[in-house]
Amino acid sequence: DVSSPKHGKVDPNNMPHVGGNMWAGGTGGRDTAGLGGKGGPYRLDAGHRVYQVSQAEKDAVPEEVKRAAREMGEKAFKRRLKEIQMSEYDASTYERFSGAVRRQVQSLRIILDNLQ
C-alpha cells in the first residue's frame, strides 16, 4: 500500500533498488521518487533498469496520495527552478523549444557517441 510521498534515502553506492519504500531513484516501488513505481512525488532516474508496476496498481493509489505527490513534485520543481535562476515562464519556453528539436538532438547524440 502507498502511504505518503517522499524523496527517499540516497544510496551512496548507487546500487539498484527494486520495490520497497525506502530508496530515492529505485524502480517499481512505492511512495519514493524513482521510476516505474506508484505514489512517488516525481520521477528520479538513477540509471538502473526500470521495473514497472501495472497500471491497475497505479490507478489504485488513493486520490489524497496522488494529490500530495503532485504538490511535493511541484514544490521540488519550483525549488529547482529557483536554484538555476529560471522562472516558470523560462521553463515553459525552454520546454517548447527543446521539445521541437528533441528527436534531432537525440539523433545527433547517437552519431557523436558512435564517432567517439
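The values are calculated or read from the model by the stated rules, or taken from the named source; none is laboratory data. Please read all numbers here as calculations on a predicted model, not as lab measurements. Keep in mind that these areas ignore ligands, DNA and RNA; they rest on the heavy atoms of the full protein, side chains included. Shrake-Rupley method; radii C 1.70, N 1.55, O 1.52, S 1.80 Å.
A few remarks follow.
- Carbon and sulfur %, accessible surface of the chain computed with the full protein complex present, 1.4 Å: 53
- Nearby lysines by direct alpha-carbon distance to Lys75 (threshold 20 angstrom, same-chain neighbours under 8 apart not counted): Lys6, Lys9, Lys38, Lys66
- Shape call, the range 1-42: gyration tensor on alpha carbons, a/c limit 1.5: prolate
- Principal axes of the range 25-83: Cα extent on each, largest first, Å: 35, 29, 12
- In the frame of its principal axes, the chain has Cα extents of 45, 34, 31 Å, reported largest first.
- Considering helices alone, the calculated mean residue ellipticity of the chain at 222 nm is -16000 deg cm²/dmol, with DSSP H runs of length four and up weighted by -39500 (n - 2.57) and normalised per residue.
- Seen against the Cα atoms of the chain and their longest principal axis, helix 63-83 is set at about 40 degrees.
- Principal-axis tilt of helix 88-115 within the chain, Cα atoms, nearest 10 degrees: 70
- Heavy-atom accessible area ranking, 1.4 Å probe, most first, across Tyr89, Tyr94, Tyr51: Tyr89, Tyr94, Tyr51
- With protein chains left intact and a 1.4 Å probe, residues in the chain average 74 Å² of accessible area per residue.
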